[in-house]
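Colleague: Got a structure for you, questions after.
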Ligand SMILES: [Ca+2]
Ligand SMILES: [Ca+2]
Ligand SMILES: [Ca+2]
Ligand SMILES: [Ca+2]
Ligand SMILES: [Zn+2]
């Protein structure tokens with residue numbers, strides 16, 4: 001989402017009347033599962049490697065999501081009609097490669113991709129991931145004259161004229177793209193490509209703690225963030241839903257905008273995400289998967 005008239009004014013007013021929350025929802029945590037080195041997902045749009053993740057406490061489904069922008073739609077937490085959109089997120093991390101991993105599965109009654117301007121992802125169904133590793137309140141993110149400390153990673157597929165990845169606030173960094181050390185994105189779908197369907201998204205991101213707000217020096221001045229077990233960072237994953245075409249698309253053109261955070265606005269990481277310790281259930285599941293392969297190889301005579 002972007003250019004939602006009204007949202008920014010609302011945030012400003014809230015900032016004046018009350019200290020903003022450091023995170024949203026207040027007092028609540030989300031958990032990123034720790035992948036051992038031998039089980040990190042392959043970013044290809046096939047989500048089968050995520051089957052080893054125990055559902056609790058990692059799974060984020062409709063019941064935890066907010067209609068965070070009243071300009072789009074008004075609904076209570078979890079009040080998504082699963083026939084309109086049914087969302088499942090999993091977030092993971094790995095200590096050795098220092099990457100965050102994301103899996104999002106979205107059933108949608110209509111997958112809308114019909115923007116005429118390929119860069120205007122905010123007119124189509126989109127996945128939007130916000131990362132603020134230093135866990136600062138939204139009001140202290142990406143301040144004028146300060147280094148960037150929240151980056152938006154947005155995707156709308158299938159690509160239109162090859163365009164499917166949209167980075168903010170710097171929009172044109174040739175090194176911060178899919179397939180780089182900083183970002184890897186994969187997707188697939190089942191069902192009708194532009195109709196009733198389930199889209200699968202996978203994402204790997206090397207978190208950036210800060211970088212200059214300047215395209216020429218952003219990379220040389222970049223500081224990567226070191227993911228640490230039990231650390232808490234700010235991550236918000238949003239899914240925008242368009243079911244009908246629009247030519248002058250505004251906030252009201254959305255069918256819904258579903259967020260891990262209740263905070264108004266689209267473009268800030270502000271939900272607290274714990275980088276969890278290794279989960280014994282997951283380790284056991286990995287062991288079983290390896291054993292199954294080994295026994296299969298022994299039976300096939302490929303292992304001496
Ligand atoms: Ca995969
Ligand atoms: Ca829908
Ligand atoms: Ca559209
Ligand atoms: Ca849709
Ligand atoms: Zn927080």
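No value in this document is a laboratory result; all are computed from the given coordinates. All of these numbers come straight from a predicted model, not from anything done at the bench. Note: ideal-geometry Cβ built from the backbone for every residue, glycine included; neighbour counts use all protein chains shown.
Colleague: Please arrange 246, 266, 251 by how many other C-beta atoms lie within 10 Å of their C-beta, fewest to most.
Modeller: Fewest-to-most ranking of 246, 266, 251: 246, 251, 266.
Colleague: Note the angle between two axes, namely the Cα long axis of helix 280-299 and the longest principal axis of the Cα atoms of the chain, as a number of degrees from 0 to 90, rounded to the nearest 10.
Modeller: Helix 280-299 sits roughly 40 degrees off the main axis of the chain.
Colleague: Starting from the Cα gyration tensor of region 189-236, take the square roots of the eigenvalues, sort them a ≥ b ≥ c, and report rounded, prolate or oblate (rounded when a/c is under 1.5, otherwise prolate if a/b is larger than b/c, else oblate).
Modeller: Judged from the Cα gyration tensor, region 189-236 comes out oblate (a/c at least 1.5, b/c at or above a/b).
Colleague: Rounded to the nearest 5, what % of DSSP beta bridges with both residues in region 7-279 are antiparallel?
Modeller: 90
Colleague: Using just the helices of the chain, give the 222 nm mean residue ellipticity in deg cm²/dmol: DSSP H runs with n ≥ 4 each add -39,500 (n - 2.57), and the total is spread over all residues, rounded to 500.
Modeller: After summing the helix terms and dividing by the residues of the chain, the value is -3500 deg cm²/dmol.
Colleague: Then there is this: Given R₀ = 25 Å, what would the calculated FRET efficiency be for residue 171 paired with residue 223, taking r from the Cβ atoms and rounding to 0.05?
Modeller: It comes out at approximately 0.75.
Colleague: Once you have a ≥ b ≥ c as the square roots of the Cα gyration tensor eigenvalues for region 7-279, tell me rounded if a/c is under 1.5, and otherwise prolate or oblate according to whether a/b is larger than b/c.
Modeller: Since a/c stays below 1.5, the shape of region 7-279 is classed as rounded.
Colleague: Tell me, 192, 263 in order of fewest to most beta-carbon neighbours within 10 Å?
Modeller: 192, 263
Colleague: When 105, 144 are ordered from fewest to most other Cβ atoms inside 10 Å of their Cβ, what list results?
Modeller: 144, 105
Colleague: Where the centroid of each part is defined by its Cα atoms, how far is region 213-248 from region 172-190 in Å?
Modeller: The two parts, judged by their Cα centres, are 12 Å apart.
Colleague: Compute the Cα gyration tensor for region 136-259, then decide on rounded, prolate or oblate, letting a ≥ b ≥ c be the square roots of its eigenvalues: rounded whenever a/c is under 1.5, prolate when a/b is larger than b/c in the other cases, and oblate in all that remain.
Modeller: Prolate, since a/c reaches 1.5 and a/b exceeds b/c.
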